[in-house]
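**Student:** First the structure, then my questions, so here it is.
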Amino acid sequence: MNVDNGYVDAPIESGIDIKKEIVRLKKEKNAVILAHYYQRPEIQDIADYIGDSLALAQIAARSTADVIVMCGVLFMGETAKVLCMDKKVIVPDVSAGCSLADSCNAVEFEKFVKAHPGYTVISYVNTTAAVKAFTDIVVTSSNAKQIVDSLPADEKIIFGPDRNLGNYINMLTGRNMLLWDGACHVHEQFSIDKILELKKNNPGAKVLVHPECRKPVQIIADKVGSTKALLDYAVNSGFDTFIVATESGILHEMVKRCPDKKFIPAPPENGSCSCNECADMKLVTLEKLYNSLKYEMPLVEVDPAIAEKAIKPIKRMLEMSK
Ligand code: 13P
Ligand code: SF4
């Protein structure tokens with residue numbers, strides 16, 4: 001089977017109901033489909049579970065399925081694989097990378113860690129398994145503050161790779177963590193001017209901002225939080241209009257949960273697009289999902305020696321997030 005481009009490149013039988021076939025194959029193979037909130041709407045709709053990075057890792061860790069299909073980017077599949085080395089873990093398109101994970105090369109990160117003995121190493125989940133292998137505790141944007149707060153006040157900490165999240169956690173906790181200089185190209189693109197313009201045209205709108213965004217964008221936010229925290233804020237607050245500065249895929253669940261509220265995607269600095277999409281997150285399609293289940297490919301593989309090290313900081317995070 002040809003998976004040269006990162007996905008199973010096989011023709012789909014004509015006339016089939018692809019959604020029904022995905023559900024049938026899922027049952028036949030005792031598979032579970034997990035999808036991140038940034039996935040295409042049709043992928044979110046067919047998934048058994050949707051969630052942010054933390055929730056997806058938690059669900060994978062307790063799954064009893066034989067096959068885990070992670071509709072997200074490769075580092076999410078790797079995290080699931082490290083937690084479930086005995087299971088088949090599939091990412092329907094393994095070419096789905098992450099600019100943030102790419103901004104932290106494992107060899108360079110190891111040098112950085114070794115140059116700072118005595119430091120506790122905290123890595124954002126958006127990293128390769130190889131980087132997690134040099135990490136003491138993994139965090140996500142949902143639990144980073146809580147985990148940093150739980151460490152002794154005088155603990156010396158390295159935080160990587162997202163400089164914006166790291167600065168934000170430094171500000172919230174009063175720490176001075178040493179930061180790796182990485183970033184997500186999607187979250188760094190939001191335009192302050194365009195957000196302020198939208199606010200002017202929508203008086204009363206609340207600005208929701210992910211902490212991977214640059215500090216000036218965080219400053220104009222009414223709420224800064226992880227994907228799930230922003231969703232919860234929109235659902236639970238009495239306000240009815242929101243400008244959303246995170247990947248626009250989350251609007252699908254926001255609209256579903258709050259059909260009477262208005263959600264406006266915040267636009268990027270450049271280009272004519274009115275929202276900010278992660279092209280890698282959008283690589284998973286129903287066709288790729290169907291073929292990945294049918295052929296059980298492409299499988300996510302993690303070197304067992306790396307997995308043995310990487311599982312420790314991931315498990316520590318899961319323990320600390322209970
Ligand atoms: P969360 O799912 O933790 O909010 O992270 C956002 C993200 O960019 C995932 O790639
Ligand atoms: Fe990576 Fe950013 Fe895409 Fe999330 S939105 S997968 S951090 S590139």
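**Student:** When you go through THR285, THR246 one by one, which is the residue that is among the β-branched types (Val, Ile, Thr) and touching a His at 6+ places or on another chain (Cβ under 8 Å)?
**Tutor:** Values: THR285 fails: touching a His at 6+ places or on another chain (Cβ under 8 Å).
Answer to the check: THR246.
**Student:** Ok, one more. Considering the range 1-55 alone, what residues qualify as being closer than 30 Å to ASN143 by Cβ, touching a Leu at 6+ places or on another chain (Cβ under 8 Å) and part of a helix (DSSP H, G or I)?
**Tutor:** LYS26, GLU42, ILE43, ILE46
**Student:** Report those helices (runs of 4 or more DSSP H) wholly inside the range 212-322 carrying at least 2 residues which are among the aromatic types (Phe, Trp, Tyr) and surrounded by 19 or more Cβ atoms within 10 Å (Cβ to Cβ). Talk me through it step by step, then tell me what you get.
**Tutor:** Values: elements: 215-219, 227-236, 250-257, 286-295, 304-320.
Filter on the range 212-322 gives an empty set.
**Student:** Also: Which residues, taken from the range 184-211, are among the aliphatic types (A, V, I, L, M) and part of a helix (DSSP H, G or I)?
**Tutor:** Start the filter on the range 184-211 by keeping residues that are among the aliphatic types (A, V, I, L, M), which leaves 186, 192, 195-196, 198, 205, 207-209.
Correct list: ILE192, ILE195, LEU196, LEU198.
**Student:** Residues of the range 72-119 being of a type in the set (Val, Ile, Thr), touching a residue at least 40 places away in the same chain (Cβ under 8 Å) and away from ligand 1 (no atom under 16 Å from the Cβ), which ones?
**Tutor:** Across the range 72-119, the qualifying residues are VAL82, VAL89, ILE90, VAL113.
**Student:** Also: If you go through the range 257-272, how many residues are in contact with a strand residue (DSSP E or B) (Cβ under 9 Å, 6 or more places away or on another chain), of a type outside the set (D, E, K, R) and modelled with pLDDT under 95?
**Tutor:** So the count comes out to 2.
**Student:** Something else about it: Answer yes or no as to whether ILE122 is buried (at least 22 other Cβ atoms within 10 Å of the Cβ) and away from ligand 1 (no atom under 16 Å from the Cβ).
**Tutor:** Numbers: buried (at least 22 other Cβ atoms within 10 Å of the Cβ): yes; away from ligand 1 (no atom under 16 Å from the Cβ): no.
No, not satisfied.
**Student:** Here are ASN143, ASN236, ASN164, ASN176: which of them is within 16 Å of ligand 1 (Cβ to nearest atom), of a type in the set (S, T, N, Q) and free of Cβ contacts under 8 Å to residues at least 60 places away in the same chain? Talk me through it step by step, then tell me what you get.
**Tutor:** Values: ASN143 fails: free of Cβ contacts under 8 Å to residues at least 60 places away in the same chain; ASN236 fails: within 16 Å of ligand 1 (Cβ to nearest atom); ASN176 fails: within 16 Å of ligand 1 (Cβ to nearest atom).
On inspection, the qualifying residue turns out to be ASN164.
**Student:** What are the residues in the range 122-145 that are modelled with pLDDT under 95 and outside any loop (DSSP other than H, G, I, E, B), if any?
**Tutor:** Residue satisfying the conditions is TYR124 alone.
**Student:** While we're here: Looking at the range 191-203, is at least one residue surrounded by 22 or more Cβ atoms within 10 Å (Cβ to Cβ), touching a Ser or Thr at 6+ places or on another chain (Cβ under 6 Å) and of a type outside the set (Val, Ile, Thr)?
**Tutor:** No: zero hits.
The values are calculated or read from the model by the stated rules, or taken from the named source; none is laboratory data. Small disclaimer: the values here were computed from a predicted structure and weren't measured. Note: ideal-geometry Cβ built from the backbone for every residue, glycine included; neighbour counts use all protein chains shown.
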